[in-house]
Each structure stands twice: as C-alpha cells, then as structure tokens.
Amino acid sequence: MITSKTKDGEAHARMLWLKWSGGGNLIPSLGIARALTKRGHTIAFAVPPEMVQSVEAAGFRTIEISQAYAQIDCYPRGHVLTRAACYLTSPAVEAQVKKIVDAEAPDIVLIDAMFLAALAPAPHFGCPSVLFVYTFLFRQIDNLRKILRLFDGMRQQAGFAPLPKLDDLWRSRERIIATSLGDFDAPPGSGWDMVRHTGPVFEDEQLATPTAMPWAENDPTPLVMVSFSTEFEQRDVNKLQRSLDALVNLSVHVVATTGGIVAPNELAAPKNAIVLDYVAHNPIMQRAALVLTHGGHGTAMRALRHGVPLVIIPGTGDQSFVAAAVQEWGAGRALPVDASVDAIRAAAQEVLFTPQYRNNARQCSVAFAGVDGAANAANEIESLLRDGREGSTRRRGKATDRFSE
C-alpha cells in the first residue's frame, strides 16, 4: 500500500525494472529512472551479471539475476544469440524473476520488451506492469514478432515448453511505452490502445565523459563521428576499420567511439582520426557534420535531434528499419552491412557535401522541440499508478489493494 506522498501530492512508489543487456536498452531506462527518482519514487534494477557494474555506476540499487545463464548448456550451441536466448527465455531465469518480484513487492514492474522470461509470469505479479520498447514499434512490428519467435524456438530446442506469442504477451500489459517519436513511427493497427510514444531519452552512460578534441572549436574542417553498436553480439572490428579507412583521404576530422566492445588499439587510426572508448556523444554531435553509424535508434535519434545527417551501415535488430527511415526522410544514406571502403567513402562524400541532407536532418530536428522523453515516460508510469486499481481489474479480472490510500 502506498502511503507517503511527494511534494506534488503524488504517492511514492516502489518500482522494479526487469532488464536485459540488449544494445540501446540501458541508457534510456536510466534516464527514465532518474526522472522517477527525482519525483520521490524508488527504483531497483534486476539485471544479468554483465549489467551490474553499469547500473550501480549510475547510482541505482541493483539485483543480480544470478541464474541468467544457468541453463545455457541446454540451448543450441554456436548461435550468436545463444547467450541472449538463454537469459531471455530460460525457466531458471523465470523462476528467479518470480522470487525477486515476491521479495521486492513492488508497486509497479517495468519490463524490457524482449524479456520473455519476465513477461510470461507478469500477469501474476499482483501489480501493474509496463513494457518498454526502445525504438520504433509499428515500423517493425512484424520483425519484432519474428525475433521473439526465434528466441522461443531456441527455448523449445533446449527442451522447454513454448511461450505465448508476442501479441498475447504484449497486449496484456497495462501500458506499452515506446521511447520514440510517434510522428516518426508507422501508424498503429487496431488493438494497440495501450501504446504511448514518449519520445527518445538522451542520456550518456556514466562511463562516457566529455573529451577535449585535438582540433580548435572554430576549425572549419567538417567533423565526422563514427559510432557503432555497444552490444558484444554485434562486435565488428572490420566494419569499424573499413569506416576509418573510407574517411582517411577526405578533408574531415574523425572521432570514432568503440563503446567498450572494441579496444581502440585494435584499430589502425588514420592521421585525421582519434579513436576513443566511452565518450559523451552530445558534445561531439553539436560539432558534427556527419554521423557514420550502425543505425541504433538512440544514436540515430540523437544525431537527428542535433540536425546532423547520417550514413548508416546497419547490423541486426531494428537497425535496418532505422536506416530505411532516415533514407526515406532524406536525412542520410543507408548502406548494406558489407559495404566496401569505396562505397562508404562515396556515401560520406555525398551526404557531407550535398546541402539537402543537412537541411532535411535539421527539419527532422524540429520534431524534438520541447520533447522530454524521460519526463513523458515518468508521467505515463505515474498515470498508471494512479489508475492502478482500475487497470488491474480490467486487465486481470481482479482488484488489488496496493494503490489504496
């Protein structure tokens, strides 16, 4: 039962965030959690072992899901997603998630969209739950269904019972928050009234720090930022090197960030480039003339927010959809994953020196004016808390006293 109040009259709440380590998931959730904490709520994160350090560094209480990979030997070997599939779907993780929820007794549970082992038992948590999608939802809904079928298929290959389909797991949630702009997404179909587009959340990881550039701020030479995935499953030294090689003979300065999955000394940096590990992106993008990236939603939206055009070499997941959208808007170029050095160089030259790309990116930036994705998401969570009794009755056919005062 919530009894204490914030200064604005809202009830303090205990919140539990059930997370996985997919690329682009952590940063927006930390931004939302920070906004909720400032309003007096308490947030705990339940995470796999590899996320503990990052979440603790951000200042939040962390619960390690120690059973994350306990059943990995049951899953198909040699697949790039074996580790992720085990964490996201295994019965051992589901059982531990249930125990964590019981022990924490949260007022609301926040769940990453791909975390099937947390979504399956969510109707029995005894409190409302919110599902988070950190990218476009409706532009790629069929792709998301395909990915979840893949994970569930790997679970069944491991010898475990199948899980419910995406639509059953997702539409049974009281709220789905997509941290993207509704104007940038495709129109929703019927039956998705629980979806709220709150806008992107722009926050740098605690390990990322502002870095002084070796070039003067008034240097007129165009600055190119190179930034690829921070997800180990997408580690690609060759793609980073090809990108650096493509820029070597252009009259540009280059800042490449490796995000902790490629060591800077694994790359041969040309004379016009510096290669760094974790770097705060905002200060660089404020100066950038071009962002060369894998097309992660967060990186692409951050670039467009600053009115910077992109060249995107997508990898997996949502990246091809982000790349297609950016090209559709005329704010950049999309290339195939195996794009050659020459192809990358040609695309970079085209986007850098064709003013319409910059103009279109700046037009996209208008959509971000006044949008605070973290605050908007916090508002939606608080709204659901206020409506908790009604929501629980409607969705699960039973009431709870958790929100009575």
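Note on the stretch 223-368: Rg/Rh from C-alpha atoms, Kirkwood Rh, equals 0.92. With an a/c value of 1.5 or above and a/b not larger than b/c for the gyration tensor axes a ≥ b ≥ c computed over the alpha-carbon atoms, the stretch 111-194 is described as oblate. When the trypsin sites (Lys or Arg not before Pro) in the stretch 74-148 are filtered for DSSP coil states and for at most 14 other beta-carbon atoms within 10 Å of their beta-carbon, the remaining sites are R77. Using only Cα coordinates, the Kirkwood hydrodynamic radius of the stretch 133-174 works out to 11.2 Å. Comparing G78, G199, G24 in a Gaussian network model of the chain, where Cα atoms under 10 Å apart are tied by springs, the biggest mean-square fluctuation is seen for G78.
Scanning residues 5 or more positions from H197 or on other chains, those with amide H under 5 Å from its amide H are A178, with H placed 1.01 Å from N in the peptide plane.
Note on the chain: GNM, Cα springs under 10 Å; of A334, A268, A288, the largest mean-square fluctuation is that of A268.
On a 0 to 90 degree scale, rounded to 10, what angle separates helix 237-247 from the longest Cα axis of the chain? Helix 237-247 sits roughly 40 degrees off the main axis of the chain. The shape of the stretch 106-152 comes out oblate: with a ≥ b ≥ c from the C-alpha gyration tensor, a/c is at least 1.5 while a/b does not beat b/c. With a ≥ b ≥ c the root eigenvalues of the C-alpha gyration tensor of the stretch 69-137, is it rounded (a/c under 1.5), prolate (a/b larger than b/c) or oblate? In terms of gyration-tensor shape, oblate. When you restrict to C-alpha pairs under 8 Å that are six or more residues apart and normalise by the size of the chain, the relative contact order lands at 16 percent. Taking every DSSP helix (H) stretch of at least 4 residues in the chain, weighting each as -39,500 (n - 2.57) and dividing the sum by the residue count yields a mean residue ellipticity at 222 nm of -11000 deg cm²/dmol. The long axis of helix 319-328 is offset from the longest Cα principal axis of the chain by roughly 60 degrees.
Coordinate-derived values only; no laboratory data. Just so we're clear, the structure is a prediction, and the values are computed from it rather than from any experiment. Neighbour counts are summed over all protein chains in view; Cβ atoms, including those assigned to glycine, are modelled from backbone coordinates with ideal geometry.
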